[in-house]
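In what follows, a single structure is set out as structure tokens and then discussed.
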Amino acid sequence: MSVADIGAGSGVLSVAAALKGASTIDTYDIQPVEREILYQCELNTVKPVNVFQSDLIKNKNRINKKYDWIFLNIGTQENIDILNTQKLLDCKDTTFITSGMLEWNYHRVETLFKNAGFLLEEKKKGNEWVTCLFKAT
């Protein structure tokens, strides 16, 4: 199983993926988070993940790999911008988990996925935050 963790922050989702058996994990963040992520891997005794520092919206850097799972944990507008800029909705064999979205505007991401032929498989709400699981239909 291959995973891209976009907006990785401390790497907690990458560590969880490693603990669940993911073989390849690539993390992407605009901030210099490599030290923190590798430390989290060490603390949890999982193999180090690949860390890429990049602005996936403004830079010309493209994600040129296919992933089984993509995690987007940054916020509604950032999720939309990265999905569009990186053309991630063309990845019909990928399962997406989106989070970091507020209840009052997450529907914008949901609409984007639905228009691209994805199905909202599951939605969880906690306080004002929403997490969604999308799969291609």
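The values are calculated or read from the model by the stated rules, or taken from the named source; none is laboratory data. Note that the structure is predicted; figures quoted are calculated from it, not measured. Cβ coordinates were reconstructed from backbone atoms using ideal geometry, including for glycine residues, and neighbour counts include every protein chain displayed. Surface accessibility is based on the protein's heavy atoms, side chains included, excluding ligands, DNA and RNA. Shrake-Rupley method; radii C 1.70, N 1.55, O 1.52, S 1.80 Å.
Normalised by the number of residues in the stretch 20-100, the mean separation of alpha-carbon contacts (under 8 Å, six or more apart) gives a relative contact order of 27 percent. Rounded to the nearest 500, what is the 222 nm mean residue ellipticity of the chain from helices alone, with -39500 (n - 2.57) per DSSP H run of 4+ residues and division by all residues? Using -39500 (n - 2.57) per qualifying helix, the result is -7500 deg cm²/dmol.
For Leu72, neighbours were defined as the other residues whose beta-carbon sits under 10 Å from its Cβ, and their charges (Lys and Arg +1, Asp and Glu -1) total -2. Please give every one of the aspartates and glutamates within straight-line cross-link reach of Lys60, meaning a C-alpha to C-alpha distance under 12 Å, and leave out same-chain neighbours fewer than 8 residues apart. Straight-line reach from Lys60, under 12 Å: no aspartates and glutamates qualify. Taking only protein heavy atoms and a 1.4 Å probe, the accessible area of the chain is 50% carbon and sulfur.
Each DSSP beta bridge with both residues in the chain is either parallel or antiparallel, and the antiparallel ones are about 40%.
Pairs with C-alpha atoms separated by more than 22 Å, drawn from the list Lys47/Lys87; Lys47/Lys135; Lys58/Lys92; Lys20/Lys135; Lys20/Lys87, are Lys47/Lys87; Lys47/Lys135; Lys58/Lys92; Lys20/Lys87.
Based on the alpha-carbon gyration tensor of the stretch 26-106, what equivalent-ellipsoid semi-axes (square roots of 5 times the eigenvalues) come out, in whole Å, largest first? Don't jump to the answer; show the numbers that get you there.
Details: eigenvalues 98, 47, 39 Å².
Sorted largest first and rounded, they come to 22, 15, 14 Å.
Counting charges near Gly100 (Lys, Arg +1; Asp, Glu -1) among other residues having Cβ under 15 Å from its Cβ returns a value of -3. Shown are Lys60, Lys135, whose ranking by accessible area with a 1.4 Å probe and every protein chain present, most to least, is Lys60, Lys135.
Surface analysis of the stretch 33-137 yields an accessible area of 60 Å² per residue, using protein heavy atoms and a 1.4 Å probe. Based on C-alpha pairs under 8 angstrom that are at least 6 apart in sequence, the chain has a relative contact order of 20 percent.
Kirkwood radius and radius of gyration were both taken over the C-alpha atoms of the chain, and their ratio Rg/Rh is 0.95.
Rounded, prolate or oblate: which fits the stretch 93-137 when a ≥ b ≥ c are the square roots of the eigenvalues of the alpha-carbon gyration tensor, with rounded for a/c under 1.5 and prolate only if a/b beats b/c? It comes out prolate by the Cα gyration axes. Descending by average beta-carbon neighbour count within 10 Å, the peptides 12-20, 43-51 line up as 12-20, 43-51, the highest first.
Close amide H partners of Ile25, meaning residues 5 or more places away or on another chain with modelled amide H under 5 Å apart, are Val3, Asn50.
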